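Just below is one structure, and these are the notes that go with it.
The values are calculated or read from the model by the stated rules, or taken from the named source; none is laboratory data. Please read these numbers as outputs of a predicted model, since none were measured by experiment. We place every Cβ from the backbone using ideal geometry, glycine too, and count neighbours over all the protein chains shown.
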Amino acid sequence: MGDKVALITGAASGIGLACAERFAADGYRVVLVDLPGAAGEAAAERLGGIFAGVDLATQAGCRQAVDAALNAYGRVDVLINNAGFQHIDAIEDFPEERWETMIAVMLTAPFRLTKYVWPGMKANRWGRIVNIGSVHSLRASPFKSAYISAKHGLLGLTRTAALEGGPYGITVNLIAPAYVRTPLVEKQIADQSRTRGIPEDQVIEKIMLEPAAIKRLIEPAEVAGLAAFLCSDAAGAITGSVYEMALGWTAR
C-alpha cells in the first residue's frame, strides 16, 4: 500500500494483533496501540511498525496515540477501533466505575480517535475507519450491560461518521463478529461460569455457540481479512454498513 499508515487499537493480542499482522503483510506501515507492555512493543518491532503504549480511557491517551502516528509517519489513512474489554455482572451488581471505564475505552475513545484522524483523511480525500463491534451491536444478552451499550453506541457512531465522511472519500464501517478465539473470550468462560452457575466446559457449547448455526469460534485472522477488504479501494462504495460475522446468530 505504498506509504499508507494503519493505526490499530487493542493491537497487543487477539483481533487487534491479527489486524496489525494483516495490514503489515499488505504493505501498510502499522501503528500498534495498547496499554503499555512488552507484548505490544515486541509485536510492533516484529512487524516493522511502532508501538504507542497509552490508556485509551483518557483524552490524553487518545491524543498521544494519534500524535505518535503523525510524528512517525505524518499521516493516518486507516483507523481500526478494536480496543475493549468485558465485565460480566447483573445490573444491580455492576460496579459503576467499571461501567465508566468500559464506555470510555469502547465508545468515547473511538469517537476521539476518529475526530483526531479526521482532518488528515479529509485533506487527503481518502480514509478508512473500521470499528470492531460485535454481534452484541445488534443483539443483547444478560449480564453485559456496559459492553452491549458501548457496542450499540459504536454502531450509531459508525453510521453518523459515514454520512459525514462520504463527501471526502472517508468510509466508516462496522464488523460485528460473534465469539472470536481471543484472550478476552477465554477470560469470559470463567466469568460466564460464575455468573450463570454452570461448569466452564458448558459455557462454549450452551452459551457462546448455542444460538449459532456454525458451531465454532471465529479466528482473529478472519476478522482481520474482512477489515483489510473494507480498507481496500475495492470497498470504496461501502460505508455505514454492518458486516456480520455472526455464525448464523442473527438468522433466527
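Kindly indicate whether any position in segment 4-13 is closer than 21 Å to Pro177 by Cα, assigned to a loop (DSSP other than H, G, I, E, B) and among the aliphatic types (A, V, I, L, M). Yes, there is a match, as at least one residue in segment 4-13 is closer than 21 Å to Pro177 by Cα, assigned to a loop (DSSP other than H, G, I, E, B) and among the aliphatic types (A, V, I, L, M).
In segment 189-210, is there at least one residue being closer than 22 Å to Leu107 by Cβ and surrounded by fewer than 18 Cβ atoms within 10 Å (Cβ to Cβ)? So far as segment 189-210 goes, yes, one or more of its residues are closer than 22 Å to Leu107 by Cβ and surrounded by fewer than 18 Cβ atoms within 10 Å (Cβ to Cβ).
For segment 143-240, no helices (runs of 4 or more DSSP H) sit wholly inside it while including 3 or more residues that are at pLDDT 90 or above and not assigned by the TED database to the domain that holds Ala18.
I'd like the full set of residues that are surrounded by 20 or more Cβ atoms within 10 Å (Cβ to Cβ) and either of a type outside the set (S, T, N, Q) or farther than 20 Å from Pro220 by Cα (or both), limited to segment 119-135. Residues satisfying the conditions are Met121, Gly127, Arg128, Ile129, Val130, Ile132, Gly133, Val135. Within segment 171-213, the residues that satisfy the criterion of being without any contact (Cβ under 8 Å) to a residue 60 or more places away in the chain and touching a Gly at 6+ places or on another chain (Cβ under 6 Å) are Ala212, Ala213. If I filter segment 79-97 for residues that are in a helix (DSSP H, G or I), under 20 Å from the mean Cα position of the chain (by Cα), assigned by the TED database to the domain that holds Phe229 and free of Cβ contacts under 8 Å to residues at least 24 places away in the same chain, do I get at least one hit? No, every residue in segment 79-97 fails to be in a helix (DSSP H, G or I), under 20 Å from the mean Cα position of the chain (by Cα), assigned by the TED database to the domain that holds Phe229 and free of Cβ contacts under 8 Å to residues at least 24 places away in the same chain.
Residues of segment 25-38 being touching a strand residue (DSSP E or B) at 6+ places or on another chain (Cβ under 8 Å) and assigned to a loop (DSSP other than H, G, I, E, B), which ones? Correct list: Tyr28, Leu35, Pro36, Gly37. Within segment 39-63, the set of residues being among the charged types (D, E, K, R) and in a helix (DSSP H, G or I) comprises Glu41, Glu45, Arg46, Arg63.
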